[in-house]
Amino acid sequence: MDILAFDALKGVLRAAAAGSPQDRFAAGMFLLVFAGISGYGLLWLMVRRSGEAQMRDCLVQLWDTLPHRPRPVGPYLLQGVRDPVTIAGRTTAGPAGTLTAPLSGSACVWYRVRVTRDDEVGSNSGTCHVVLYEDHCEPDLVTVAVADATSVLLDPGLCARSLVPGREHDLVERTIEERTSPPSGRQLPLNPGPHLASLIEAGRVDAAALKRNVRSSTDSFTVTEDVVRPDTDVLATGGATAVGGTLTLTARDGHRDGVTAMGPAQITDHIAARRRWQKRVAFALLAATSLFCTFGMLLLSR
């Protein structure tokens, strides 16, 4: 980043030196604008860095205190109100017992299999995932046993969100991710991967329907299998609803709800690694801001 800033600075200074006073004024304003942009990026990074440190301290404190409370969720079970609740417990089998994931054969307490069509969207090569097939266990909830032997249910939408910054897969483990390129023409055969082929052979996915779903922007078909392992320690926070004496946590829009299976030491190490990277970026932004601001003011003063 420092090298790019220095190259841009040299180009602007050369142009200003060979130009008129108006050119120097324009170049100075140009540099000050870039100083403002890099300064804003530096401020945003420092605020985010501070927020992640606070999140680390909060999660470590919750891990240390919640398991020792005699009834961490008792009042909410009794009231049946929708409030943010944080619990610590261990994943356990639901009414159907320990499950077997249909593709990987992994032992789990929850699973979901999806086939998606992946379309490239926009000039920045963003990807839109269109779900063409989904299979999940019933009930579609994760059961957690807390310290007082109470069962708490976690919604899959909550389980997909990690409380730890920078973690994509936390409690939910991705056991399979298989991509199949679409045929270049509708008359050509689909050449599926082994997992997609097994779903087609079982009659769960129609190969002809997949070919009909191909768009000009389609990059691939993807088979994913996500599971939650049994006997996994988990910390979860979310909106609480008590129905029939059973507490269910769900993700609320606009809130930092989610789960984590990382212990205090893992959270500390993960955030420390992110902070080291953020520190290097912050120094680069600080250098760029100083250079742009200094030379911009010099050009305006001439």
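Every read-out reported here was derived from the displayed coordinates using simple, explicitly stated rules and does not represent laboratory data. Just so it is clear, the structure is predicted and the values come from calculations on it, not from any experiment. With ideal geometry, Cβ positions are generated from the backbone for all residues, glycine too; neighbour counts draw on all protein chains shown.
Report the calculated FRET efficiency for residue 216 and residue 54 (r = Cβ-Cβ distance, R0 = 45 Å), to the nearest 0.05.
For R0 = 45 Å, the calculated efficiency reads 0.45.
Ratio of the stretch 228-302's C-alpha Rg to 2.2 N^0.38 Å, to two decimals? Intermediate values should be presented prior to the final figure.
On the way: Rg = 23.0 Å, N = 75, 2.2 N^0.38 = 11.3 Å.
It is 2.03.
Is the stretch 170-302 rounded, prolate or oblate when judged by the Cα gyration tensor, a ≥ b ≥ c being the square roots of its eigenvalues, rounded requiring a/c under 1.5 and prolate requiring a/b larger than b/c? Each step should come with its number before you reach the end.
On the way: a/c = 2.71, a/b = 1.37, b/c = 1.98.
Since a/c reaches 1.5 but b/c is at least a/b, the shape of the stretch 170-302 is classed as oblate.
Quote the FRET efficiency, to the nearest 0.05, computed for residue 266 versus residue 136 with a Förster distance R0 of 22 Å and r equal to the Cβ-Cβ distance.
On the way: r = 28 Å, r/R0 = 1.26.
Given R0 = 22 Å and the Cβ-Cβ separation, E is 0.20.
Please give, to one decimal in nm, the separation of the simple spin-label points placed at residue 202 and residue 276, each 7 Å out from Cα toward the Cβ.
Between residue 202 and residue 276, the label points sit 4.3 nm apart.
How big is the Cα convex hull of the stretch 84-134 in projection, averaged over all directions, in nm²?
Details: hull surface 27.1 nm².
Seen from a random direction, the Cα hull of the stretch 84-134 projects 6.8 nm² on average.
Based on the mean of other beta carbon atoms within 10 Å per residue, what is the order of 287-297, 38-48, most packed first? Don't skip to the end; give the middle numbers.
Values: 287-297: 18.5, 38-48: 14.9.
Result, highest mean first: 287-297, 38-48.
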